[in-house]
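Asks: The structure's right below; bear with me while I get my questions together.
Read-outs: derived from the displayed coordinates by stated rules, not from any lab. Computed from a prediction, not measured in an experiment: that's the story for all the values here. Cβ placement follows ideal geometry from the backbone for every residue including glycine, while neighbour counts extend to all protein chains displayed.
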Amino acid sequence: MKQGGFPELLTLSDARGYVNTLVDNILKRDIEQRFKITYKAAFEQMAQHLLNVSPTIVVDKSLQEAFGFKSEHTSKNYVNYLREAYLLIGLRKYSPKSRQRIVGEKVYSVDVALMNQRNDAFAGENLGWRLETVVYIELLRRCKRRGLDIYYYSERYGECDFVICQGNHTIEAVQISYDILNAERKNT
């Protein structure tokens with residue numbers, strides 16, 4: 001949960017160097033060259049940012065403004081490239097309405113090592129985010145075999161980390177918490 005799941009990290013003394021090289025190669029060789037990225041520095045900053053804050057809901061307009069892209073379309077494409085290169089995994093929002101499921105995608109790092117074993121990584125020791133990421137990866141493995149879909153749920157009156165569905169039937173809801181003893185409670 002802290003070091004990540006890359007087998008090489010068990011034997012290497014320089015885990016940070018390995019992960020930095022891996023991410024750098026994926027960004028520069030696999031994505032920038034293949035897709036002819038125009039805003040290379042901004043793209044790399046956006047990629048590092050998303051790895052730092054994952055799991056997070058992607059707002060294309062916010063990414064466009066934060067990194068100076070000319071359109072939301074550019075930021076949407078860049079996030080898609082990160083998914084295609086297996087740096088990020090997407091999770092759609094649960095809703096019976098199709099339109100709601102295609103906006104507000106949540107992205108996760110494909111491995112917790114990418115969250116903190118890089119230069120300028122600020123994920124730190126957030127074990128809640130790490131546990132949520134590990135659980136999502138395991139749910140993907142289990143649910144894909146069974147033909148189930150996974151979503152996250154978020155509305156004004158509540159949220160849930162994962163909702164597992166078979167067609168339009170909800171099978172299970174999964175809420176992740178690393179420490180339930182220190183849960184914040186609202187006075188109502």
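Asks: Give me 151, 86 ranked fewest to most by other Cβ atoms within 10 Å of their Cβ, as a rough exposure proxy. Mind showing how you got there, number by number?
Replies: On the way: 151 19, 86 11.
Sorted ascending by nearby Cβ count, the order is 86, 151.
Asks: Kindly put 30, 161, 120 in sequence by how many other C-beta atoms sit within 10 Å of each C-beta, fewest to most.
Replies: On the way: 30 15, 161 21, 120 10.
Listed from fewest to most nearby Cβ atoms, that is 120, 30, 161.
Asks: To continue, here is another question. State the answer as a single residue: which of 10, 181, 51 lies farthest towards the positive end of the charge dipole of the chain, with beta carbon charges of +1 for Lys and Arg and -1 for Asp and Glu, about the Cα centre.
Replies: Going by the charge dipole, the pick is 51.
Asks: Could you tell me how far the Cα centroid of region 83-107 sits from the Cα centroid of region 1-74, in Å?
Replies: A separation of 18 Å, based on Cα centres.
Asks: How large is the charge dipole for region 74-145, taken about the Cα centre, if only the Cβ atoms of Lys, Arg (+1) and Asp, Glu (-1) carry charge, to the nearest 20 debye? Could the numbers behind the result be given before it?
Replies: Details: 14 positive and 7 negative charges, 125 e Å.
For region 74-145, the charge dipole is close to 600 debye.
Asks: Which whole-number percentage describes the relative contact order of the chain, with Cα contacts under 8 Å and a sequence gap of 6 or more? Mind showing how you got there, number by number?
Replies: Numbers: 255 pairs, mean separation 39.1, N = 188.
Across the chain, relative contact order equals 21 percent.
Asks: In addition: Given axes a ≥ b ≥ c from the Cα gyration tensor, I'd like to know whether region 144-185 is rounded (a/c under 1.5), prolate (a/b larger than b/c) or oblate. Working shown, then result.
Replies: Working: a/c = 3.78, a/b = 1.87, b/c = 2.02.
Oblate shape, in that a/c is at least 1.5 and b/c is the bigger or equal ratio.
Asks: Continuing with this model, one more query. Give me the distance in nm between label points sitting 7 Å out from Cα along the Cα-to-Cβ direction at residue 160 and residue 119, one decimal.
Replies: In this crude spin-label approximation the distance works out to 4.4 nm.
Asks: Right, another one. What ranking of 115, 1 emerges when the number of other C-beta atoms within 10 Å of each C-beta is taken as an exposure proxy, fewest first?
Replies: Numbers: 115 25, 1 11.
Least crowded to most crowded, the residues run 1, 115.
Asks: Quick one: if the Förster radius is 22 Å, what FRET efficiency do residue 148 and residue 84 give, using the C-beta to C-beta distance and rounding to 0.05? Don't skip to the end; give the middle numbers.
Replies: Values: r = 23 Å, r/R0 = 1.05.
It comes out at approximately 0.45.
Asks: Further, regarding this structure: In nm, what is the difference between 0.36 nm times the number of residues separating residue 98 and residue 41 and their Cα-Cα distance?
Replies: Numbers: separation 57, 0.36 × 57 = 20.52 nm, distance 3.47 nm.
Length difference between fully extended and current span is 17.0 nm.
Asks: Within straight cross-link reach of residue 93, meaning Cα distance under 19 Å, which lysines are found once same-chain residues fewer than 8 apart are removed?
Replies: Within the straight-line limit of under 19 Å, residue 93 reaches these lysines: 61, 76, 106, 144.
Asks: Give the shape of region 7-174 as rounded, prolate or oblate, defined through the alpha-carbon gyration tensor: a ≥ b ≥ c are the square roots of its eigenvalues, a/c under 1.5 means rounded, and otherwise the shape is prolate if a/b is larger than b/c and oblate if not.
Replies: oblate
Asks: Please list, ordered by chain and number, the residues whose modelled amide H lies under 5 Å from the amide H of residue 105; skip anything fewer than 5 residues away on the same chain.
Replies: Result for residue 105 returns 58.
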